[in-house]
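The values are calculated or read from the model by the stated rules, or taken from the named source; none is laboratory data. The model shown is predicted, which means the values in this text are computed figures rather than measured ones. Every residue, glycine as well, gets a Cβ built from its backbone with ideal geometry; the counts of neighbours run over all protein chains shown.
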Amino acid sequence: MPIKTPRELFVQMLSNVRQGTERATKLVQEFAQNVQDQDIKEALEARIFVSQKILDTVDQVFKIIGEQPVKVSGRLFDAVAEEFRSELAEIQTPQVRNLYVLAKANQVLHLRIAEYRSLVAAADLSGHFAVGVLLETCLADKLVFVERTHRLLQHLTASKMAEKISARSVA
């Protein structure tokens, strides 16, 4: 579908975010099934819960602007998902799998953060204050998850280093 107006571009981008959120939620469910660490599993399950709230918020944005989501290709997301599955299949060690899952989750999140920032800017330009507020709450949720994932990675790394130090002290 050719895009001719800023509004059509906004609807296209918002549709992409909505569809991406649905697909990312399914991928995060897949991530959660492939980790052994309970902390990581719980963090991913929390992300799934928050994603439903984000979908509801995006649906409210569509309602406010009087539009419906349009169909988008999603090819980029499909490529990321396929890469995740093939690379994960090659990783044998549970700890390395956990780190890989967190790294891929972060990669997908950073893509979404960029999209939300663009949508917030577009909402501001169009004068849709309520739309900007709703989209910023979605952005905030994404930023919080990135920060929490970063902390979880630090915790995992610190725990592993403590184990190595302990093992060397005993030897």
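Evaluation of T157 against the conditions (1) of a type in the set (S, T, Y); (2) in contact (Cβ under 8 Å) with a residue 40 or more places away in the chain; (3) farther than 22 Å from F77 by Cα shows that the sole unmet condition is (2). The single condition among (1) out of contact with any helix residue (DSSP H, G or I) (no Cβ under 9 Å at 6 or more places or on another chain); (2) farther than 25 Å from V17 by Cβ; (3) of a type in the set (D, E, K, R) that K160 does not satisfy is (1).
Of all residues in region 122-149, those that are touching a residue at least 24 places away in the same chain (Cβ under 8 Å) and either under 16 Å from the mean Cα position of the chain (by Cα) or surrounded by 13 or more Cβ atoms within 10 Å (Cβ to Cβ) (or both) total 17. Working only within region 33-81, note down all residues that are assigned to a loop (DSSP other than H, G, I, E, B), of a type in the set (V, I, T) and over 18 Å from E115 (Cα atoms). Matches in region 33-81: V35 only. Could you check, for region 29-41, whether at least one of its residues is under 30 Å from P2 (Cα atoms), out of contact with any Gly (no Cβ under 6 Å at 6 or more places or on another chain) and of a type in the set (D, E, K, R)? No, region 29-41 contains no residue that is under 30 Å from P2 (Cα atoms), out of contact with any Gly (no Cβ under 6 Å at 6 or more places or on another chain) and of a type in the set (D, E, K, R). When we screen I48, I64 for residues that are within 17 Å of V131 (Cα to Cα), in contact with a helix residue (DSSP H, G or I) (Cβ under 8 Å, 6 or more places away or on another chain) and at pLDDT 90 or above, the only hit is I64.
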